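Only one structure is covered here, and it is reproduced in the block below.
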Ligand SMILES: C[S@@+](CC[C@H](N)C(=O)[O-])C[C@H]1O[C@@H](n2cnc3c(N)ncnc32)[C@H](O)[C@@H]1O
């Protein structure tokens, strides 16, 4: 399968698909953190290259509801509409199977509700972070390892590690890397013929 992982600098999802035997390439305006097939540039340049599947992680800076305090300013400056247009472009592109990932955001009210909301604790990471998936031509992602009990035994600061990360230059990067458990589940479940139950 030819897989495009759009808006990914970490190589996490790309490498999970490569390990599962696929031809995968990541694409980001930033260079890749790990060596591997990567296009450094605008994803619009490579969208038309005959992909079987695209997993995309567009920026949530102007969309996530956690930033609602700044929404009025963002609306007025037009950056929010621009971010929504980018999401529409990705969702509407001519690739048969698409997964678009974002936190709880205004995509739900301005474009459409997500097909699924997943958490890292359903995929082996004892942490909370509601992650929405908008799917096209793919089945829902099945949880792989439920560690909710283990997570609930942890102090809140550990359970919500990303929320409580101290300020730093790379805070946004640390917060945005895809969980390995999500990436492995995507490669294992979506790297095969998805059959029925498609969204
Ligand atoms: C929220 S981060 C996603 C990070 C991803 N989860 C990972 O593990 O690497 C969003 C990324 O989108 C990239 N981006 C923004 N606009 C882009 C575009 N037009 N083409 C390609 N990448 C873009 C940004 O550089 C940023 O790294």
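We did not get these values from a lab; they are worked out from the coordinates using the rules stated. From a predicted model like this one, the values you see are computed outputs, not experimental measurements. Ideal geometry is used to build each Cβ from the backbone, glycine not excepted, and the neighbour counts take in all protein chains shown.
Which pairs do you get when a residue that is at positive phi, found in the range 37-56, comes within reach of a residue that is near the ligand (Cβ under 9 Å from one of its atoms) and part of a loop (DSSP other than H, G, I, E, B), reach meaning Cβ atoms under 9 angstrom, with the pair 6+ apart or on two chains?
Pairs that qualify, where the first residue is at positive phi and the partner is near the ligand (Cβ under 9 Å from one of its atoms) and part of a loop (DSSP other than H, G, I, E, B), are 41/29.
Could you check the range 1-16 and list, in sequence order, the residues that are within 13 Å of the ligand (Cβ to nearest atom) and either over 23 Å from residue 87 (Cα atoms) or crowded, with 24+ Cβ neighbours inside 10 Å (or both)? Even if it seems obvious, please write down each step before you answer.
So in the range 1-16, the residues within 13 Å of the ligand (Cβ to nearest atom) come out as 4-16.
Within the range 1-16, 4, 5, 6, 8, 13, 14, 15, 16 meet the criteria.
If you check 30, 53, 100, 90, which single one turns out to be over 21 Å from residue 181 (Cβ atoms) and buried (at least 19 other Cβ atoms within 10 Å of the Cβ)?
Values: 30 fails: buried (at least 19 other Cβ atoms within 10 Å of the Cβ); 53 fails: over 21 Å from residue 181 (Cβ atoms); 100 fails: over 21 Å from residue 181 (Cβ atoms).
The conditions single out 90.
Could you list, in sequence order, all residues of the range 174-195 that are without any contact (Cβ under 8 Å) to a residue 24 or more places away in the chain and within 12 Å of the ligand (Cβ to nearest atom)? It would help to see each step written out before you state the result.
At the first step, the residues of the range 174-195 found to be without any contact (Cβ under 8 Å) to a residue 24 or more places away in the chain are 174-175, 192-193.
Across the range 174-195, the qualifying residues are 174, 175.
Go through (1) touching a residue at least 40 places away in the same chain (Cβ under 8 Å); (2) farther than 18 Å from residue 163 by Cα one by one and return the number of the condition residue 105 breaks.
(2)
Of the conditions (1) in contact (Cβ under 8 Å) with a residue 40 or more places away in the chain; (2) closer than 10 Å to residue 187 by Cβ; (3) crowded, with 21+ Cβ neighbours inside 10 Å, residue 19 clears all except one; give me its number.
Only one criterion in (1) in contact (Cβ under 8 Å) with a residue 40 or more places away in the chain; (2) closer than 10 Å to residue 187 by Cβ; (3) crowded, with 21+ Cβ neighbours inside 10 Å is unmet by residue 19, namely (3).
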